[in-house]
Amino acid sequence: MNISKIASSTVIIETEDTKILCDPWIENGEYYGSWSIVQELFDKEKLYKKMNDCENIYFSHIHPDHFSKKTLKKIDKDKKVFLHKYASPFLKKNLEILGFTNINEIENGESLKVKGNTNITIFAADNCDPNICNKFVGCNYSEESKNSQQIDSCAVISDKSSVCLNLNDCMQPMMKETIKNIKNKFKRVNILLVNYNSAHSYPQNIKNIKDPEKIRIGNNIKQINLEKSIKYIEDLCPDFFIPFAGEYTLSGKKFLLNDFKGTNSQNDCYDFFMNTKYKNNLVMLNYGNSFDGNKIPVFEKIHQSDLLNYNKKLSELTYDYDLIEKPSKDEIEDLSNLALINVMKKINFFKLKFNHVLYIQYYEKFIYLDFDNNYIKFVNEIISDNRSYTILHLDEKLLIQLLKGPRFAHWNNADIGSHIDFTKSRIQDYDYKLFNCIAYFHS
């Protein structure tokens, strides 16, 4: 089995029978323009040819660094596609819109023949258990409570001689039962593709955390992510492991936030694992390099001086919403009133209470959202209240897209893309249910 790393989580797994392209993303500017590849890819035509030479594609989940619409425009649509059978067919529908027709949804833990002796087995990160999903991330609430809404999956690619487990973005705590199932079904994992990063807006987008403290928090998150990778390695005992995924640079007007986000560089990752007892099992692949399952290629460290010109170009990129006209205050307020109706349906159905107020800044005003009392108003200043509050700061052009609904922009992607800054009355307060509910604040 041969593993080629293209960029971030984009790999090609080649067995004795066929090639499987995983999560293609090579075009800069995903997440509405803010996420770019960490290194410049100089010959994209060659990369597209290499990806289009694959007969199959596996998509782990819907996030744009795994399901890059900008990249998929140049990917042949006649390929055999494999994905987890999610409770919500959102990923499948998006693939169909792009023109893919040979789409194979696979139930949790089920195997499907790809070609010859090559099989793919897909597992949901939470083992399709909504109790696990709710415990760790709260999910996107659904009336279909019997189904998990967790969006992440992992895949085992196997042939007669090798087993490769691609973990993608699956979170360590919720994977406990799934890891047991993988170990029960497969005697040994020969090659493990393991994430060593996580993506979120904390701490870089918290306005009332000072820069030195952001750096401290970011470094702590980096260490936690590497230790989570170690836990996977300890649980699965692979012959070799390849760190990958979650490798991105913030581009455009958010470029300076790169100094504070808690994501490890490839160099950080290499240095960390070379100082562990697992160093002889480490396969750190530069972009464009391959591992044949036996001989470990030499990893060449990336030097900051080599990235100067590329980073300058990234810092000057415009965002998708920069191209639209600024909305009026009336447009924002009218859509906000409609959005309150939509989000309150979810909140009332689940009988949620927050004791927390949200403000969304637009121009010199604020949208005041009191979900506990089904109340919205438009104010000129923060109102004194005994409840804690969070202020969301974002470009009005993006705000109007979010208010129009997921077909235009999604709150979760805007957050992961670091487009939203936050001012918090209590910095440590975070209610995941509240911020999952904001995903439904659209007309």
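The values are calculated or read from the model by the stated rules, or taken from the named source; none is laboratory data. What you see is a predicted model; the values in this text were computed from it and never measured. Glycine gets a Cβ as well: all are built from the backbone with ideal geometry, and neighbour counts include every protein chain shown. For accessibility, only protein heavy atoms count, side chains too; no ligands or nucleic acids. Shrake-Rupley method; radii C 1.70, N 1.55, O 1.52, S 1.80 Å.
If we keep just the residues of the range 67-93 that are within 14 Å of Asn108 (Cα to Cα) and in contact with a strand residue (DSSP E or B) (Cβ under 7 Å, 6 or more places away or on another chain), which is most open to solvent (accessible area, probe 1.4 Å)? My answer is Lys85. Please tell me if Ala414 is under 30 Å from His61 (Cα atoms), open to solvent by less than 60 Å² (accessible area, probe 1.4 Å), part of a helix (DSSP H, G or I) and at pLDDT below 95. Taking the combined requirement at face value, the residue does not satisfy it.
Scanning the range 286-319 for residues being open to solvent by less than 30 Å² (accessible area, probe 1.4 Å), without any contact (Cβ under 8 Å) to a residue 60 or more places away in the chain and not in a loop (DSSP other than H, G, I, E, B) gives a total of 0. Here the range 169-215 is the region considered, the condition is being of a type in the set (A, V, I, L, M) and modelled with pLDDT under 95, and the residue that is nearest to Phe260 (Cα to Cα) is Ala199. Given the structure, is Leu83 assigned to a strand (DSSP E or B) and at pLDDT 95 or above? Yes, satisfied.
When residues in the range 373-389 are screened for being out of contact with any helix residue (DSSP H, G or I) (no Cβ under 8 Å at 6 or more places or on another chain) and either closer than 17 Å to Arg426 by Cβ or assigned to a loop (DSSP other than H, G, I, E, B) (or both), 10 of them pass.
Results for (1) out of contact with any helix residue (DSSP H, G or I) (no Cβ under 8 Å at 6 or more places or on another chain); (2) modelled with pLDDT under 95; (3) among the acidic types (Asp, Glu); (4) at positive phi, shown as yes or no for each residue.
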site	(1), (2), (3), (4)
Pro238	no, no, no, no
Gly252	no, no, no, yes
Thr263	no, no, no, no
Asp271	yes, no, yes, no
Glu300	yes, no, yes, no
Gln304	yes, yes, no, no
Asn311	no, no, no, no
Pro327	no, no, no, no
Ser336	no, no, no, no
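With the structure loaded, tell me whether Asn258 is within 17 Å of the chain's Cα centre (by Cα), buried (at least 21 other Cβ atoms within 10 Å of the Cβ) and at pLDDT 95 or above or whether it fails that test. Judged against the criteria, Asn258 is not a match.
Selection of the range 329-354 for residues being of a type outside the set (Phe, Trp, Tyr) and open to solvent by 50 Å² or more (accessible area, probe 1.4 Å) yields Lys329, Asp330, Glu331, Asp334, Asn337, Leu338, Ile341, Lys345, Asn348, Lys351, Lys353. For the range 369-382, does any single residue satisfy the condition of being under 20 Å from the mean Cα position of the chain (by Cα), modelled with pLDDT of 95 or more and within 19 Å of Asn337 (Cα to Cα)? Checked against the condition, which is being under 20 Å from the mean Cα position of the chain (by Cα), modelled with pLDDT of 95 or more and within 19 Å of Asn337 (Cα to Cα), the range 369-382 yields no hits at all.
Taking into account only those residues within the range 222-248 that are open to solvent by 20 Å² or more (accessible area, probe 1.4 Å) and of a type in the set (Val, Ile, Thr), which is farthest from Gly293 (Cα to Cα)? Applying the filter and picking the extreme gives Ile224.
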